[in-house]
Amino acid sequence: MNSQNFNSNHVLQGGYFHKTIRRWQSTNILVDASNFIFPLFVHENDETFEEIPSLPNIYRIGLNKLRNYLEPIVNDGLTCVLLFGVIDSDSLKDESGSYADNQNSSVLRAIPKLREWFPDLLIACDVCLCAYTFHGHCGVFSESKSLSVDSCINRENSVERIAQVALAFAKAGAHVVAPSDMMDGRIDAIRNILNQNNMLNRVSVMSYSTKFASAFYGPFRDAAKSAPAFGDRRCYQLPAGSTGLAIRASERDVQEGADILMVKPCMSYLDIVKELKQTFPHHPLAVYQVSGEYAMIWHGAKANSFDLRMILIEIIHSLRRSGADIIISYYTPMILKWIKENKFSLN
Ligand code: PBG
């Protein structure tokens, strides 16, 4: 890795330069609009507006459709989006995910537009390679290709590539970079590259720090067209039964200088959310209510097993009670409306 290592243990400036990030440092309010981050799938084709079959009511959206889609949600109080790029054309996918930081990519073009249209909106970008590699894995491989993911993912090259992508997003104007690959060392690499480019004090690093290998990601891989072509992600995502390793994964990222930590998925991992918040009370903690959790609740409500609003009030408050400061949820637009209408409190 780079010789001019930045001592990232004492970095704070990524944590308070924007009012939404400052709000995340204040954890004493139960549920508020600024607790929510809305994930957005930004499609390579600017005219696209298509519902995602596995994620009902959620869309892949092209740049030309984005402003009209987001305007009412911002008016309802949206403070932060998390961008994912989606490409359909297999010809744009390669070994190292080079389209991830291609200047023509949907995310790199969307960032400045979003900043122009919604000057107060905090722009976070998921940083990963899986939507851009033909193999659909989150890193790059060593020369010798076999079907064994664990023996041939090249950690150093993956981390370097991921840091380059994070830098490209930061240069385009992203306020938050959120690496979701889970490779050891990527937070340090991102910190270093941001520092070398004088961007530490205007970019926050939100690490997917405790990310489990989970069947709950099923609908997302369909949405982002990022399912692994072979193998699975168990060699770089955490075993579902782990506790110590799950906490150590976030500890690693704290030491490397992460501003914000994350547990993902959330509903089956509230013990980890609570323990992590107790272990690191001084870092904002995000939880990701992932695609499978979204779909499970959606279909349960559709089948009249329960009322959607009532079940979400209960779940979201339980996430806050467990220690989540930030909730990444596909239900964000709906919840913001309910908060605005005073229909989202426990009574
Ligand atoms: C990419 C990434 C995934 C999710 C967020 N970023 C998929 C995965 O790790 O397999 C899942 C989000 C969701 O399921 O809603 N690394």
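The values are calculated or read from the model by the stated rules, or taken from the named source; none is laboratory data. Note that the structure is a prediction, hence the values are computed from the model and not measured. Note: ideal-geometry Cβ built from the backbone for every residue, glycine included; neighbour counts use all protein chains shown.
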Check your understanding: Which numbered condition trips up His137, out of (1) in contact with a Pro (Cβ under 6 Å, 6 or more places away or on another chain); (2) free of Cβ contacts under 8 Å to residues at least 24 places away in the same chain?
Key -> (2)
Practice item. Of all residues in the range 216-236, count the ones that are more than 10 Å from the ligand (Cβ to nearest atom), small (Gly, Ala, Ser) and under 19 Å from Ala295 (Cβ atoms). Key: 0
Check your understanding: On the given criteria, is Gly244 over 15 Å from the mean Cα position of the chain (by Cα), over 27 Å from Met334 (Cα atoms) and within 16 Å of the ligand (Cβ to nearest atom)?
Key -> no
**Study point:** Subset of the range 236-256 (residues that are at pLDDT 95 or above, crowded, with 19+ Cβ neighbours inside 10 Å and not aliphatic (A, V, I, L, M))
**Key:** Ser250, Asp253, Glu256
Exercise for review: May I ask you to list the residues in the range 151-196 that are within 14 Å of the ligand (Cβ to nearest atom) and either among the acidic types (Asp, Glu) or under 16 Å from Gln237 (Cβ atoms) (or both)?
Suggested key: Ile153, Ser158, Ile162, Ala178, Pro179, Ser180, Asp181, Met182, Met183, Arg186
Exercise for review: Output the residue which, of all residues in the range 73-105 that are part of a helix (DSSP H, G or I), touching a residue at least 24 places away in the same chain (Cβ under 8 Å) and not small (Gly, Ala, Ser), is farthest from Phe118 (Cα to Cα).
Suggested key: Asp90
Review point. Any chance the range 271-283 includes a residue that's buried (at least 16 other Cβ atoms within 10 Å of the Cβ), within 16 Å of the ligand (Cβ to nearest atom) and at pLDDT 95 or above?
Key: no
Check your understanding: Of the residues that make up the range 210-229, is at least one among the acidic types (Asp, Glu) and over 19 Å from Ala131 (Cα atoms)?
Key -> no
Check your understanding: Does the range 324-341 hold any residues that are surrounded by fewer than 24 Cβ atoms within 10 Å (Cβ to Cβ), more than 18 Å from the chain's Cα centre (by Cα) and under 26 Å from Lys211 (Cβ atoms), and which are they?
Key -> Met334, Leu336
Check your understanding: Is at least one residue of the range 232-239 more than 15 Å from the chain's Cα centre (by Cα), touching a residue at least 12 places away in the same chain (Cβ under 8 Å) and within 25 Å of Pro53 (Cβ to Cβ)?
Key -> yes
Check your understanding: Which residues, taken from the range 188-235, are β-branched (Val, Ile, Thr) and surrounded by fewer than 24 Cβ atoms within 10 Å (Cβ to Cβ)?
Key -> Ile193
Point to revise | Criterion: modelled with pLDDT under 95, more than 20 Å from the chain's Cα centre (by Cα) and not hydroxyl-bearing (Ser, Thr, Tyr) - qualifying residue of Asp94, Asp76 | key: Asp94
**Study point:** Given (1) among the acidic types (Asp, Glu); (2) touching a Leu at 6+ places or on another chain (Cβ under 9 Å); (3) surrounded by 21 or more Cβ atoms within 10 Å (Cβ to Cβ), index of the condition Glu314 fails
**Key:** (3)
